[in-house]
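Notes follow once the structure below has been shown.
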Number of protein chains: 2
Amino acid sequence: MTSATFKLARRCERLKASEIRELLKLTARPEIISFAGGLPAAELFPAREMAEITRRVLETEGCKALQYSTTEGDPTLRHHIAERMNRTQQTRVEADEILITSGSQQGLDLTGKLFLDPGDVVLCESPTYLGAINAFQAYEPGFVEVDTDDEGMVPAALEQALARHDRVKFVYAIPDFQNPSGRTWSLARRRALVEIAAREGVVVIEDSPYAELRFEGEPLPALHAVDTAGNVVFLGTFSKTFCPGLRCAWLAAPRALREKYVMVKQSADLHTSTLIQRQMAGYLELYGLEDNVRKVVDVYRERRDIMLGVFAEAMPEAVEITHPEGGLFLWLTFPGHVNARDLLEKSLEQHVAFVPGGAFFPNGGNENTARINFSCMQPEQIEEGSRRLCRVVAEVLG
Amino acid sequence: MTSATFKLARRCERLKASEIRELLKLTARPEIISFAGGLPAAELFPAREMAEITRRVLETEGCKALQYSTTEGDPTLRHHIAERMNRTQQTRVEADEILITSGSQQGLDLTGKLFLDPGDVVLCESPTYLGAINAFQAYEPGFVEVDTDDEGMVPAALEQALARHDRVKFVYAIPDFQNPSGRTWSLARRRALVEIAAREGVVVIEDSPYAELRFEGEPLPALHAVDTAGNVVFLGTFSKTFCPGLRCAWLAAPRALREKYVMVKQSADLHTSTLIQRQMAGYLELYGLEDNVRKVVDVYRERRDIMLGVFAEAMPEAVEITHPEGGLFLWLTFPGHVNARDLLEKSLEQHVAFVPGGAFFPNGGNENTARINFSCMQPEQIEEGSRRLCRVVAEVLG
């Protein structure tokens with residue numbers, strides 16, 4: 001039997017290796033200045049503190065921290081998460097609405113599994129997060145991109161999409177410092193989305209990995225916070241405020257839905273690592289996340305400013321640049337005739353990498369866009385890489 | 001919107017909370033002697049060594065151990081796993097055929113995702129592992145139980161099932177100390193399965209969590225080891241030889257298939273915890289697993305013997321009892337009129353729990369069976385609990 005004859009499921013025709021992760025492999029060479037990945041700055045991770053926490057957890061709890069545990073997750077961790085969400089996101093979540101997930105990617109996968117039959121419809125921003133497209137694709141939905149501007153999804157376009165498609169299962173949105181565009185939804189747009197979705201009987205999936213990484217301006221309430229209908233599922237993670245290598249995240253869902261999520265998680269991986277959950281709960285208790293978040297925000301703000309500074313000075317005027325108030329990414333829109341994949345090839349010759357934007361549009365097109373990460377390179381690399389990128393763009397634009 | 005109106009995927013009609021895990025909640029009370037779960041003996045977990053390993057990993061690798069990593073998994077860990085498999089399972093696996101998974105449950109889920117369209121057919125032993133039934137159910141297959149006796153699946157029955165069903169995607173089997181029955185396949189049956197499956201062009205999924213926990217008799221080669229067609233996917237885990245709370249497991253698949261598994265894992269959770277993988281690799285390097293396995297085998301053998309001793313003495317003769325040569329479970333078959341669910345109720349009154357066997361038959365029936373775990377209670381509890389169980393059975397049988 002050769003690989004060609006393995007009889008795989010139909011969904012496999014839709015799955016392709018993530019362009020981002022394939023690129024990450026390419027750009028692992030040390031000479032490359034990579035704005036391609038979405039990696040947090042590793043030098044800010046509290047490695048020493050994690051060792052101390054692990055020692056304490058294993059000393060006080062011993063073997064219990066290494067045993068099977070419940071699918072819902074560690075009660076103490078869920079309590080801390082609810083408390084923290086309510087403090088930072090203006091929500092009113094209770095601990096038993098929380099399900100611990102193995103990274104927010106799992107929250108996306110479980111969401112697809114719970115809601116999507118083949119041919120169902122997902123409404124999403126345009127562009128939207130590539131990892132979510134990949135997670136949902138496995139369940140064979142159609143994607144309808146809703147017109148999105150600097151304030152978020154356009155409500156009239158959302159209503160139109162809901163009127164046109166009768167198999168919409170949920171609206172997927174990243175309201176804060178969106179990946180890939182860096183844009184943040186206004187309060188009015190948040191309210192409009194939640195109201196329309198509740199009225200039309202579709203769930204809102206709020207993916208919120210970046211909300212706490214705000215460099216400037218006032219925090220806005222989460223979609224979950226402006227919802228009164230119990231109709232929003234919130235996906236949160238410690239990957240950006242703490243570190244991603246633990247794969248520790250959560251979702252908050254109305255109880256009846258949370259129970260269903262527990263069932264699909266149970267069949268997917270039984271539960272998230274007991275030890276990781278105890279380490280995370282221990283860290284929150286002993287150190288809290290506030291210092292971490294403050295450090296990350298200061299570092300990323302400086303890096304964004306360096307990049308925006310170079311772009312303001314040297315990027316051709318025909319290129320539109322977003323001004324993210326937080327997060328890890330900004331977004332470039334080139335004149336329509338530019339193909340960012342070609343641009344990437346030229347840019348790689350100068351040892352600078354980014355992600356061509358087309359991959360973030362589930363229905364294709366928009367090849368004249370690019371996602372630029374500013375979180376994981378050192379300031380001098382950002383300065384130098386941004387200059388090189390501007391030169392490449394200027395050359396291509398003539 | 002009330003919970004009743006959430007529009008969920010069709011597959012959710014098939015998903016139900018695992019009976020085993022619901023029971024585990026019931027039986028958490030300290031007065032209960034539980035033969036219900038499949039928990040390893042926690043007192044054997046190397047908690048102190050894990051703290052030491054974590055200190056070393058974070059000291060030498062620092063932030064790298066907390067950063068994102070590749071979907072395939074840590075190269076060092078994959079290398080150790082391949083080497084260990086070849087030593088203990090008689091396989092010839094290479095490191096790049098290994099994919100690290102978040103527990104073997106994830107290996108099962110990814111298998112369902114990769115192979116199964118609604119209406120496809122899974123061939124399995126009768127009975128089979130409940131966690132696998134749950135994982136595969138999410139992809140809406142039919143299950144065909146192949147006649148199984150004390151030596152494994154009956155080859156003629158397997159051929160008949162393959163002839164009758166043209167949408168068979170894989171054969172799922174647990175050849176060593178099966179969960180739930182405790183039975184082990186003979187070498188002849190292993191060879192027959194692998195040959196028939198290769199000839200008929202269906203993949204074999206070999207679930208092997210227990211093979212190293214052999215109390216007596218000679219180790220038999222894995223299905224993967226007797227396969228020459230590159231047609232067997234092997235699922236292995238550290239949950240039973242080390243500890244389950246890490247959620248660290250793996251699968252070994254022919255390269256072309258391993259690449260597809262990587263894609264479905266990427267969309268499911270990006271990758272398994274970097275830190276957990278480094279801890280596991282570090283443990284294997286510094287301590288190895290041999291002492292652990294030896295300790296576990298000695299303890300479980302003693303516990304099995306106590307249980308079998310009491311049953312031989314006090315269980316009514318009408319009850320069939322398997323004699324597992326390893327693993328965590330034995331299996332009781334009562335006379336046809338006995339319903340093990342009723343028996344469980346009576347048994348719980350005596351503060352003894354087990355799992356009624358009906359749940360392990362995907363197409364139902366066989367309510368006169370029970371799975372009995374002997375790994376996680378102390379010797380005196382096993383002695384006492386087994387005696388009580390015998391009394392309850394004797395009472396029911398009159």
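The values are calculated or read from the model by the stated rules, or taken from the named source; none is laboratory data. Computed from a prediction, not measured in an experiment: that's the story for all the values here. Reconstructed Cβ throughout: ideal geometry from the backbone, glycine too, with neighbour counts over all protein chains shown.
Can you tell which of A:ALA156, A:ALA173, A:ALA82 is buried (at least 18 other Cβ atoms within 10 Å of the Cβ), hydrophobic (A, V, I, L, M, F, W, C), out of contact with any Leu (no Cβ under 6 Å at 6 or more places or on another chain) and farther than 29 Å from A:GLN279 by Cα?
Step by step, each of A:ALA156, A:ALA173, A:ALA82 is checked, and only A:ALA173 is buried (at least 18 other Cβ atoms within 10 Å of the Cβ), hydrophobic (A, V, I, L, M, F, W, C), out of contact with any Leu (no Cβ under 6 Å at 6 or more places or on another chain) and farther than 29 Å from A:GLN279 by Cα.
Tally up the residues in region B:61-79 that are farther than 12 Å from B:TRP250 by Cβ, more than 7 Å from chain A (Cβ to nearest Cβ) and part of a helix (DSSP H, G or I), please.
Counting residues in region B:61-79 that are farther than 12 Å from B:TRP250 by Cβ, more than 7 Å from chain A (Cβ to nearest Cβ) and part of a helix (DSSP H, G or I) gives 3.
Starting from region A:218-231, take each residue that is within 12 Å of A:ALA198 (Cα to Cα) and within 14 Å of another protein chain (Cβ to nearest Cβ) and list its partners that are in a helix (DSSP H, G or I) and not β-branched (Val, Ile, Thr), counting only C-beta distances under 7 angstrom and pairs at least six apart or across chains.
From region A:218-231, the pairs are A:ALA229/A:ALA198; A:ASN231/A:ALA197; A:ASN231/A:ALA198.
B:ASP117: surrounded by fewer than 22 Cβ atoms within 10 Å (Cβ to Cβ), in contact with a Phe, Trp or Tyr (Cβ under 9 Å, 6 or more places away or on another chain), at the interface with another protein chain (Cβ under 7 Å from one of its Cβ atoms) and at pLDDT 95 or above, yes or no?
It is true that B:ASP117 is surrounded by fewer than 22 Cβ atoms within 10 Å (Cβ to Cβ), in contact with a Phe, Trp or Tyr (Cβ under 9 Å, 6 or more places away or on another chain), at the interface with another protein chain (Cβ under 7 Å from one of its Cβ atoms) and at pLDDT 95 or above.
So which residues in region B:130-143 are surrounded by 21 or more Cβ atoms within 10 Å (Cβ to Cβ) and without any contact (Cβ under 8 Å) to a residue 60 or more places away in the chain?
Matches in region B:130-143: B:ALA135, B:PHE136, B:PRO141.
Every residue, every condition in (1) within 25 Å of B:LEU58 (Cβ to Cβ); (2) part of a loop (DSSP other than H, G, I, E, B), yes or no:
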residue	(1), (2)
B:GLY230	no, yes
B:VAL233	no, no
B:LYS260	no, no
B:GLY282	yes, no
B:ASP291	yes, no
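I'd like to check something: does region B:238-252 contain any residue that is within 27 Å of B:ALA192 (Cα to Cα) and either not assigned by TED's automatic domain parsing to the domain that holds B:ASP74 or not aromatic (Phe, Trp, Tyr) (or both)?
yes
For region B:142-150, state whether one or more residues are farther than 22 Å from A:THR111 by Cβ, among the polar types (S, T, N, Q) and part of a helix (DSSP H, G or I).
There is no residue in region B:142-150 that is farther than 22 Å from A:THR111 by Cβ, among the polar types (S, T, N, Q) and part of a helix (DSSP H, G or I).
Can you name the condition, by its number, that A:GLN90 falls short on among (1) over 24 Å from B:LEU66 (Cβ atoms); (2) buried (at least 22 other Cβ atoms within 10 Å of the Cβ)?
Going through the list (1) over 24 Å from B:LEU66 (Cβ atoms); (2) buried (at least 22 other Cβ atoms within 10 Å of the Cβ), A:GLN90 breaks only (2).
Any residue at all in region A:333-353 that is touching a Phe, Trp or Tyr at 6+ places or on another chain (Cβ under 6 Å) and surrounded by 14 or more Cβ atoms within 10 Å (Cβ to Cβ)?
No, region A:333-353 contains no residue that is touching a Phe, Trp or Tyr at 6+ places or on another chain (Cβ under 6 Å) and surrounded by 14 or more Cβ atoms within 10 Å (Cβ to Cβ).
Step by step: first the residues of region B:262-280, then only those that are in a helix (DSSP H, G or I) and closer than 22 Å to A:THR111 by Cβ, then the one that is farthest from the other protein chains (Cβ to nearest Cβ). Which residue is that?
Per the stated criteria, the residue is B:LYS265.
Taking region B:339-398 as the region of interest, how many residues are in a loop (DSSP other than H, G, I, E, B) and under 30 Å from B:PHE136 (Cα atoms)? If you could, list the steps in order and put the result at the bottom.
We begin by selecting, within region B:339-398, every residue in a loop (DSSP other than H, G, I, E, B); these are B:339, B:350-351, B:354, B:361-368, B:374-378, B:398.
Then drop every residue that is not under 30 Å from B:PHE136 (Cα atoms), which leaves B:339, B:354, B:361-368, B:374-376.
Number of matching residues: 13.
Checking B:ASP109 against (1) within 10 Å of B:PHE361 (Cα to Cα); (2) charged (D, E, K, R); (3) surrounded by 24 or more Cβ atoms within 10 Å (Cβ to Cβ), only one condition comes out false. Which one?
(1)
Which number in (1) out of contact with any Leu (no Cβ under 8 Å at 6 or more places or on another chain); (2) surrounded by 17 or more Cβ atoms within 10 Å (Cβ to Cβ) marks the one condition that B:VAL202 misses?
(1)
Please go through region B:234-246 and pick out each residue that is facing chain A (nearest Cβ under 10 Å) and either within 23 Å of A:LEU15 (Cβ to Cβ) or hydrophobic (A, V, I, L, M, F, W, C) (or both). Give the steps one after another, and end with the answer.
Of all residues in region B:234-246, those facing chain A (nearest Cβ under 10 Å) come to B:239, B:242-246.
The answer is B:PHE242, B:CYS243, B:LEU246.
In this structure, does B:SER386 turn out to be closer than 26 Å to B:THR241 by Cβ, crowded, with 22+ Cβ neighbours inside 10 Å, in the same structural domain as B:ARG303 (by TED's automatic domain parsing) and not β-branched (Val, Ile, Thr)?
So B:SER386 passes the test.
For A:ALA188, are the conditions met, namely being over 30 Å from A:LEU289 (Cβ atoms), small (Gly, Ala, Ser) and either touching an Asp or Glu at 6+ places or on another chain (Cβ under 6 Å) or not assigned by TED's automatic domain parsing to the domain that holds A:ARG304 (or both)?
For A:ALA188, the condition - over 30 Å from A:LEU289 (Cβ atoms), small (Gly, Ala, Ser) and either touching an Asp or Glu at 6+ places or on another chain (Cβ under 6 Å) or not assigned by TED's automatic domain parsing to the domain that holds A:ARG304 (or both) - is not met.
A quick yes/no check of all residues on (1) in a helix (DSSP H, G or I); (2) more than 8 Å from chain B (Cβ to nearest Cβ); (3) under 16 Å from A:GLU206 (Cα atoms):
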| position | (1), (2), (3) |
| --- | --- |
| A:GLY38 | no, yes, no |
| A:MET50 | yes, no, no |
| A:ARG55 | yes, no, no |
| A:MET85 | yes, yes, yes |
| A:ARG92 | no, yes, yes |
| A:GLN106 | yes, no, yes |
| A:VAL122 | no, yes, yes |
| A:THR128 | no, yes, yes |
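Of the conditions (1) within 11 Å of another protein chain (Cβ to nearest Cβ); (2) in contact (Cβ under 8 Å) with a residue 40 or more places away in the chain, A:TYR287 satisfies every one except a single condition; which number is it?
Against the list (1) within 11 Å of another protein chain (Cβ to nearest Cβ); (2) in contact (Cβ under 8 Å) with a residue 40 or more places away in the chain, A:TYR287 comes up short only on (1).
So B:PHE215 ticks every box in (1) aromatic (Phe, Trp, Tyr); (2) surrounded by fewer than 18 Cβ atoms within 10 Å (Cβ to Cβ); (3) over 23 Å from B:THR88 (Cβ atoms) but one. Which box is left unticked?
The failed condition is (3).
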